[in-house]
Each structure stands twice: as structure tokens, then as C-alpha cells.
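**Student:** First the structure, which I've put down as C-alpha cells, then a few questions once you've had a look.
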Amino acid sequence: MGILYITEYQTAASDQGRALPLGHGYPLANQIVSIGGGSLQSVPFTSRTHFIRLHSDSICSILVGTQVGVGPPAAQNPVATTQCGRMAASQTEYMGVDPGMLVAVIANIPLAPNTSPADASGAFAILAILGDDNKFKKRLQELKDQAAEIDKMIDNSRKMEIESKNRLKEADKRHEEVEKREANLKGREDSLGQGRRETLALQEQLNARQAKFDADMEARGKVKEAGLIKWSQELTEKEKAVTSALRSLEDEKKKFDARVAAEEHKLSSYSRDISTREEHLKQGLADLAKARDEFDAKVKKLDELRRSISNAA
């Protein structure tokens with residue numbers, strides 16, 4: 001019984017934009033399908049599988065299709081026959097697929113396994129010998145010699161038959177053990193298939209949650225973006241208002257500075273006037289003090305004159 005090995009990839013590898021017959025990156029999943037006399041299907045490919053690698057260790061035929069209810073009716077539930085695409089033993093194939101597809105496989109055994117081009121050439125060689133007497137006699141002698149050897153071989157084969165029967169009994173025992181192991185392996189394959197289906201179901205749930213999360217994040221992003229745009233517009237309007245107010249304040253400040261300059265000019269003029277008046281006042285007070293001193297001197301002289309007149313009388 002052969003095995004068909006299936007490796008799933010998301011994309012094919014490429015070199016400078018040119019696609020290569022190789023899977024890109026780490027495989028999404030790996031499957032094995034037994035190759036027998038009846039068509040067997042793989043588990044459906046994952047939701048991200050677009051490229052697969054097939055490798056067969058025996059001659060088989062394959063057919064890729066879709067699950068029941070998906071795609072064209074002719075492609076649903078594929079059943080492989082020996083008329084489908086043939087793969088030789090140890091052959092590897094790469095092909096593009098869609099997510100959820102699957103592949104069916106069946107053994108491809110020739111109808112006449114003993115017929116070959118060598119057999120046909122041998123038949124023509126026999127006809128050529130029968131048409132030539134010398135060749136026929138020579139070949140007849142060779143056949144007699146071969147017959148004698150065959151008789152000896154028959155005797156030996158009878159002896160070997162006895163030994164073969166003994167070995168056959170041992171082989172039957174081993175065959176029973178192999179069948180038990182195959183049954184055990186089949187059970188493991190069924191468990192593996194069930195686990196694979198459960199894994200695919202969980203993967204689909206995870207993909208759905210991821211898609212919902214992405215949609216929610218996108219919606220929230222749009223709401224935040226709209227809020228930021230509105231806030232930016234409001235901020236722009238406020239900046240315009242503040243700019244206008246600053247301009248008005250600057251105009252008022254210029255007017256106020258002009259008034260302050262005018263008042264300072266007036267104050268400076270008043271200060272100079274007051275300084276001049278203070279100088280005049282100081283001079284007047286000095287003149288007044290001088291006049292007072294002169295008056296006091298005159299009064300003193302007058303008093304002395306009065307005393308002199310009084311004394312004279």
C-alpha cells in the first residue's frame with residue numbers, strides 16, 4: 001500500500017517576481033492519504049491554502065475537486081479513477097488550488113503487468129528463428145539443454161517447495177501481525193483525520209474572530225479619525241479666533257504705547273517746567289533773603305539813629 005504525501009502552502013515561492021515550483025515559507029498543514037484499489041479523499045485544505053505539493057511513493061492517479069455543495073457539480077466530491085492524472089512512483093507535483101478543496105487518489109496498476117516492449121521484441125525474435133532451419137535446430141538444441149537444466153531446477157524447486165511451505169507458515173504468522181499493525185495504523189489515521197477536522201473547525205472559528213476583530217478595529221479607527229478631524233477643525237477655528245484676538249490686543253497695545261509715550265512726553269515737559277520754576281523760586285527766595293537782610297540792616301540802623309536822637313535830646 002502506497003502513500004500520497006500532501007503539503008499545503010499559502011503561496012508559491014518566487015524569485016524577482018517569477019513564480020517557482022516551490023512552496024513559500026512554513027507549510028500550513030501536512031496530510032497523508034493511503035493509495036489503494038479504491039478512491040480515497042484527503043481532508044479539505046485550510047482556509048488559507050492556495051498552493052500544494054504532492055509526492056507519491058507508488059504509481060497512482062489523482063483528481064482535485066471541491067466539497068459537496070461547493071463549486072460546479074462536476075467538481076464536487078472528486079472520485080479518482082485510473083483514467084485521471086497519473087503520477088509515477090517517487091514523483092513530486094506542485095499545483096495551485098483554492099481553500100477548502102481536496103484531492104482524491106487511487107492506485108494505477110496496468111491491466112497487463114507482464115506486457116512490456118521487451119516482451120514484444122522477444123516475440124518478433126522468435127518468429128525470425130522459426131523462419132530459418134539452421135537457427136531453428138540450434139535454438140531447439142539450446143531449448144533441450146535448457147529443458148534439462150529446468151528439470152534439475154524443478155527437482156531443486158520441489159525441495160525448496162518444502163522449505164517454502166515452512167517459511168510460508170512463518171510468513172502467515174507475520175502477515176497476521178502486519179494486518180494487526182495495519183488495523184492499528186488505520187485507527188491512528190482515523191484519529192488523525194478527526195483531529196485534523198477539529199483543528200480546521202477551530203481554525204475557521206479563529207479566522208472568523210480575527211475578521212470580526214479587524215472589522216471592529218477598523219470601525220473604531222474611523223470613529224477616532226472622524227473625531228480627530230472634527231477636533232482639528234475646532235482647534236483651527238480656535239486658533240483663528242486666538243490669532244484675531246492677539247492682533248486686536250497688539251493694536252490696543254500699540255495705541256496704549258502711543259498714549260504712554262505722549263503722556264511721558266507731557267510729563268517730561270512738566271518736569272522741565274517744574275525744574276525751571278524751582279530754580280526761579282530758589283533765586284527768588286535767595287533774593288528775598290538778601291532783601292530781608294538788607295531790611296534788617298536798615299531797621300537796625302534806624303533803631304540806632306532813634307537811640308542816638310533819644311540820647312541827644
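Bear in mind these aren't lab numbers, they're just calculated from the coordinates by the rules spelled out. Since this is a predicted model, take the numbers as computed values, not measurements. Here the Cβ is made from the backbone with ideal geometry for all residues, glycine too, and neighbour counts use every protein chain on show.
**Student:** Put +1 on the Cβ of each Lys and Arg and -1 on the Cβ of each Asp and Glu in the chain; which of T46, A208, A291 then has its Cα farthest toward the positive end of the dipole?
**Tutor:** After comparing all options, I get A291.
**Student:** For the Cα atoms of the chain, what angle does the longest principal axis make with the long axis of helix 117-130, in degrees from 0 to 90, nearest 10?
**Tutor:** On a 0 to 90 degree scale, this one is about 20.
**Student:** Now for a separate question. Treat every Asp and Glu Cβ in the chain as -1 and every Lys and Arg Cβ as +1, leave all other atoms uncharged, and give the resulting dipole magnitude about the Cα centre to the nearest 20 debye.
**Tutor:** Here the size comes out at about 1000 debye.
**Student:** OK, next. What shape does the chain take by its C-alpha gyration tensor, where a ≥ b ≥ c are the square roots of the eigenvalues and a/c under 1.5 counts as rounded, a/b above b/c as prolate, and the rest as oblate?
**Tutor:** Working: a/c = 5.75, a/b = 5.46, b/c = 1.05.
It is prolate, given that a/c is not under 1.5 and a/b is the larger ratio.
**Student:** Would you work out the relative contact order for segment 1-111, in percent, from Cα pairs under 8 angstrom that are 6 or more residues apart?
**Tutor:** 31 percent
**Student:** What lysines sit close enough to K173 to cross-link, taking a C-alpha to C-alpha distance under 29 Å and skipping anything fewer than 8 places away on the same chain?
**Tutor:** Hits, sequence-local ones excluded: K159, K165, K186.
**Student:** Suppose R0 equals 45 Å; then what is the FRET efficiency for D151 and E179 from their Cβ-Cβ distance, rounded to the nearest 0.05?
**Tutor:** E between D151 and E179, to the nearest 0.05, is 0.70.
**Student:** Next question. Could you please state, rounded to a whole Å, how far the C-alpha centre of segment 204-243 is from the C-alpha centre of segment 256-313?
**Tutor:** First find each Cα centre; the distance between them is then 86 Å.
**Student:** Here's another thing I want to ask about it. Run the numbers for T82 and F256: contour at 0.36 nm per residue of separation, minus the present Cα-Cα distance, in nm.
**Tutor:** Full extension from T82 to F256 adds 52.2 nm.
**Student:** With a ≥ b ≥ c taken as the square roots of the eigenvalues of the C-alpha gyration tensor of segment 1-111, please select rounded if a/c is under 1.5 and otherwise prolate if a/b is larger than b/c or oblate if it is not?
**Tutor:** Note, shape of segment 1-111 comes out oblate.
**Student:** Which one, G69, A148, S269, is farthest towards the positive end of the dipole of the chain when Lys and Arg carry +1 and Asp and Glu -1 on their Cβ?
**Tutor:** Toward the positive end, the furthest listed residue is S269.
**Student:** How much of the calculated P(r) for segment 231-289 lies past 20 Å, in percent of all Cα pairs?
**Tutor:** Tail of the P(r) past 20 Å holds 60 percent of the pairs.
**Student:** Let me ask you something else. Would you mind checking the tilt of helix 133-312 against the longest principal axis of the Cα atoms of the chain, expressed as 0 to 90 degrees and rounded to 10?
**Tutor:** The answer is roughly 0 degrees.
**Student:** So, in nm, how far is label Q67 from label Q233 when the simple model puts each one 7 Å beyond its Cα toward the Cβ?
**Tutor:** In this crude spin-label approximation the distance works out to 4.7 nm.
**Student:** Please enumerate, by chain and number, the lysines with C-alpha under 26 Å from the C-alpha of K254, excluding those fewer than 8 residues away in the same chain.
**Tutor:** Within reach: K238, K240, K266.
**Student:** Once you have the Cα-Cα distance between L143 and A201, take 0.36 nm times their residue separation minus that, and quote the gain in nm to one decimal.
**Tutor:** 14.0 nm
**Student:** Under a point-charge model restricted to the Cβ atoms of Lys and Arg (+1) and Asp and Glu (-1), what is the dipole moment magnitude of segment 1-111 relative to its Cα centre, in debye to the nearest 20?
**Tutor:** Numbers: 4 positive and 5 negative charges, 10 e Å.
About 40 debye.
**Student:** To the nearest 500 deg cm²/dmol, what mean residue ellipticity at 222 nm is calculated for the chain from DSSP H runs of n ≥ 4 alone, each contributing -39,500 (n - 2.57), summed and divided by the residues?
**Tutor:** After summing the helix terms and dividing by the residues of the chain, the value is -24000 deg cm²/dmol.
**Student:** Give me the one-decimal nm value for the distance between modelled label points at K266 and T92, 7 Å along each residue's Cα-to-Cβ direction.
**Tutor:** Rounded to a tenth, the inter-label distance reads 10.3 nm.
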